[in-house]
Amino acid sequence: MCKKYELITFDLDGTLLDTSPGIFNSVRYAEEQLGLDPIGDEKLKEFVGPPPKDMYMKIYGLDEKTAYKAAQKHREYGRNRAIYEARLYPGIKELLETLKIQNYKLTVSTLKAQEIAEAVLANFGIAMYFDAIVGMDSAESMTKCMTIKEAIKKTDTKGNVLMVGDSLYDYKGACQAVTDFVGVLYGFGFNSKNKYGFNTIFKPYDLINLL
């Protein structure tokens with residue numbers, strides 16, 4: 001890659017932590033609360049990464065108002081229980097410690113609700129590594145691009161920015177925000193067959209070799 005970055009911003013779900021159990025349970029909770037017909041287990045994976053409201057519209061065919069209600073129930077479960085139903089990917093803490101020693105600015109750009117993102121990162125002992133944590137607003141109106149730009153703004157970054165994520169939402173958001181991108185292959189969205197041309201890593205600490 002051979003480019004000096006001032007800021008490295010990370011996706012959360014599927015990049016820093018495996019939050020899939022809590023996400024899946026959030027969907028089931030929203031289904032129960034709104035009386036929705038349960039989707040198959042294989043469809044649950046589609047909720048890892050994208051904005052929940054969009055996915056409730058896409059997968060369940062809900063109108064925007066009902067999808068917003070579903071997303072609120074989804075977030076309700078997230079606040080109360082899902083923040084504990086996750087797993088820190090091996091090597092993440094070591095990676096973040098090394099990047100801080102090397103004086104990179106670090107942020108999180110996620111479509112997880114702001115308060116849930118802050119809580120889950122604190123619960124797993126890595127919140128202190130980040131100069132800013134940017135998540136979804138209460139109106140469910142943020143895009144990945146917007147979270148990246150807000151992270152840049154909050155850290156007063158003027159130099160080069162790198163986005164690290166595991167899904168096409170992350171990649172497209174990075175492109176829209178005009179930042180570089182590295183895809184992780186241990187998450188949910190990508191496999192080793194990368195047709196988009198960006199760099200990929202198999203393990204978190206592999207990122208150091210690209211910087």
Please enumerate the residues belonging to the stretch 176-196 that are open to solvent by 70 Å² or more (accessible area, probe 1.4 Å) and either of a type outside the set (D, E, K, R) or in contact (Cβ under 8 Å) with a residue 40 or more places away in the chain (or both). Gln176, Val178, Phe188, Asn191, Ser192, Tyr196
Single residue of the stretch 157-174 satisfying the filter (within 22 Å of Glu46 (Cα to Cα) and open to solvent by 70 Å² or more (accessible area, probe 1.4 Å)) that is modelled with the lowest pLDDT: Tyr169
Checked the stretch 120-134 for anything among the small types (Gly, Ala, Ser), part of a helix (DSSP H, G or I) and buried (at least 18 other Cβ atoms within 10 Å of the Cβ); matches are none
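Okay, residues lined up against (1) farther than 25 Å from Lys203 by Cβ; (2) open to solvent by less than 60 Å² (accessible area, probe 1.4 Å); (3) part of a helix (DSSP H, G or I); (4) in contact (Cβ under 8 Å) with a residue 40 or more places away in the chain:
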site: Ile8; (1), (2), (3), (4): no, yes, no, yes
site: Ser26; (1), (2), (3), (4): yes, yes, yes, yes
site: Glu32; (1), (2), (3), (4): yes, no, yes, no
site: Pro38; (1), (2), (3), (4): yes, no, no, no
site: Lys45; (1), (2), (3), (4): no, no, yes, yes
site: Lys58; (1), (2), (3), (4): yes, no, yes, no
site: Thr66; (1), (2), (3), (4): yes, yes, yes, no
site: Gly78; (1), (2), (3), (4): yes, yes, yes, yes
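The values are calculated or read from the model by the stated rules, or taken from the named source; none is laboratory data. The structure displayed is predicted, hence computed values, not measured ones. Backbone-built Cβ (ideal geometry, glycine too); neighbour counts: all protein chains shown. For the accessible areas, the whole protein counts, side chains as well, though only heavy atoms, and no ligand, DNA or RNA atoms are used. Shrake-Rupley method; radii C 1.70, N 1.55, O 1.52, S 1.80 Å.
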